[in-house]
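Every number here is computed from the coordinates shown, using simple stated rules; none is lab data. For clarity, every value in this text was computed on a predicted model and none was experimentally measured. Cβ sites come from the backbone with ideal geometry, for glycine too, and all protein chains shown count toward neighbours.
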Amino acid sequence: MKADSISSNSEGKVDKKGLKIMIQVDFEGVAGIVNFDEIYPGHPHFDRNCTMLTHEVNAAIEGAVAAGATTIVVRDGHAGNINVDPLLLDRRAMLTRGRVPGTPHTMVLGIDDTFDALLFIGAHARAGEQMGTLSHTMSLKVADLKINGRPISEPAFNSLYASKFGVPVVFVAGDNTACKEARADFGNIETVVTKYAFGRTCAMSKSPYVVREEIKAAAERALKNLSNGCVFRLNAPYKMEVKVYGENPEEIITVEYESDVLEDVMKKFWENL
């Protein structure tokens with residue numbers, strides 16, 4: 001099953017004055033990051049890594065502005081949502097931090113039909129992928145997630161929600177496996193590989209300076225060529241199968257749920273984490 005593609009003029013989005021975009025931010029796919037503990041408060045490198053993350057976001061903002069973006073919303077989507085440094089963030093962007101309880105689409109909180117495009121920074125591979133840096137889907141408790149029989153990564157999960165509003169995903173930056181998954185899900189979109197995985201906690205990373213240059217250029221190309229974007233739709237009813245680890249690491253619990261309402265499926269997914 002392929003996701004739908006969107007042409008640049010199919011919804012009249014390219015012709016209006018200025019682009020409105022959301023940059024969804026995660027941490028695991030940032031250049032140089034290889035361990036889970038270094039992307040949480042308390043680690044000696046956490047602040048440094050937050051700075052590296054913010055620089056990657058700023059590179060995307062620079063490229064977006066060059067392509068004509070006038071409204072840029074950055075959604076800090078990792079863990080406690082305190083990773084993007086507000087004092088270092090490009091002043092042309094607005095930053096959404098924190099969570100609203102019970103909101104299953106928290107990683108793209110605020111997205112609606114006024115947005116022209118969705119971009120991902122710091123993306124990682126889905127749960128079950130052993131050759132992806134810090135691979136998982138929302139939680140380390142998740143062994144696998146499928147909707148309508150299709151493996152679902154975090155970018156796919158969030159893009160699926162964005163599709164309710166006709167918002168295309170146009171750009172993904174993350175490790176080589178995350179970019180491979182993005183191309184499989186979204187087709188010919190712009191991607192930037194930040195590092196090459198040797199396993200879940202080992203990778204060969206590009207220079208952060210090189211990655212920023214590539215992100216800036218690719219984000220600009222992506223927004224100048226919205227026809228290459230993808231509105232990632234799956235057909236209702238939405239049949240979810242999620243496998244989660246039990247109290248015993250050897251135990252895997254399978255939960256199945258079906259609904260015509262996407263938000264209900266997303267809520268059921270989060271209820272099992």
| message | From the phi angles alone, apply the Karplus equation (6.51, -1.76, 1.60; θ = phi - 60°) to the range 252-268 and give each ³J(HN,Hα) in whole Hz, x where the residue is Gly or Pro. | response | 10, 9, 9, 10, 10, 7, 9, 7, 7, 9, 4, 4, 5, 5, 5, 5, 4
| task | Using θ = phi - 60° and the Karplus relation 6.51 cos²θ - 1.76 cosθ + 1.60, list the HN-Hα couplings for the range 144-158 in order, rounded to whole Hz, with x at every Gly or Pro. | result | 6, 9, 10, 10, 6, x, 9, x, 10, 8, 5, x, 5, 4, 6
| field | Overall Cα dimensions of the chain - principal axes, largest extent first, Å | value | 52, 45, 32
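What net charge do the residues around Lys239 carry, taking every other residue with its C-beta under 11 Å from that of Lys239, with Lys and Arg at +1 and Asp and Glu at -1? The partial results should precede the final answer.
Values: positive: Lys146, Arg150; negative: Glu241, Glu256, Glu258, Asp260.
Result for the local shell: -2.
Too long at a 19 Å Cα-Cα cut-off: which of Lys180/Lys243; Lys180/Lys206; Lys17/Lys224; Lys164/Lys224?
Details: Lys180/Lys243 23 Å; Lys180/Lys206 17 Å; Lys17/Lys224 13 Å; Lys164/Lys224 23 Å.
Lys180/Lys243; Lys164/Lys224, as the Cα separations exceed 19 Å there.
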| field | Reciprocal mean inverse distance between Cα atoms of the range 158-273 - Kirkwood radius, Å | value | 16.6 Å
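Can you give the extra length, in nm with one decimal, that the chain gains between Thr71 and His45 once fully stretched, where that is 0.36 nm per residue apart less the Cα-Cα distance? Show your work: numbers first, answer last.
On the way: separation 26, 0.36 × 26 = 9.36 nm, distance 3.17 nm.
Working it through step by step, the gained length comes to 6.2 nm.
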| note | From the Cα centre of the range 211-256 to that of the range 70-110, the distance in Å is 18 Å
| request: Search the structure for amide H atoms under 5 Å from the amide H of Thr137, placed 1.01 Å from N in the peptide plane, and list their residues when 5 or more places away or on another chain. | output: Ala127, Val142
| Can you list the residues, at least 5 places off or on another chain, whose amide H is less than 5 Å from the amide H of Ala203, using H built in the peptide plane? | Phe198
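Just need the relative contact order of the chain here, percent rounded to a whole number, with Cα pairs under 8 Å and 6+ apart.
On the way: 640 pairs, mean separation 67.4, N = 273.
That works out to 25 percent.
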| remark: Amide H contacts under 5 Å for Val192, restricted to residues at least 5 apart in sequence or on another chain and with H modeled in the peptide plane, are Val172, Ala173, Gly174
| field | For the range 109-126, Karplus couplings with θ = phi - 60° (6.51, -1.76, 1.60), whole Hz, Gly/Pro x | value | 3, x, 6, 7, 6, 7, 8, 9, 6, 10, 10, 10, 10, x, 6, 9, 6, 7
| field | Relative contact order, percent, the range 61-198 [alpha-carbon distance under 8 Å, six or more residues apart] | value | 20 percent
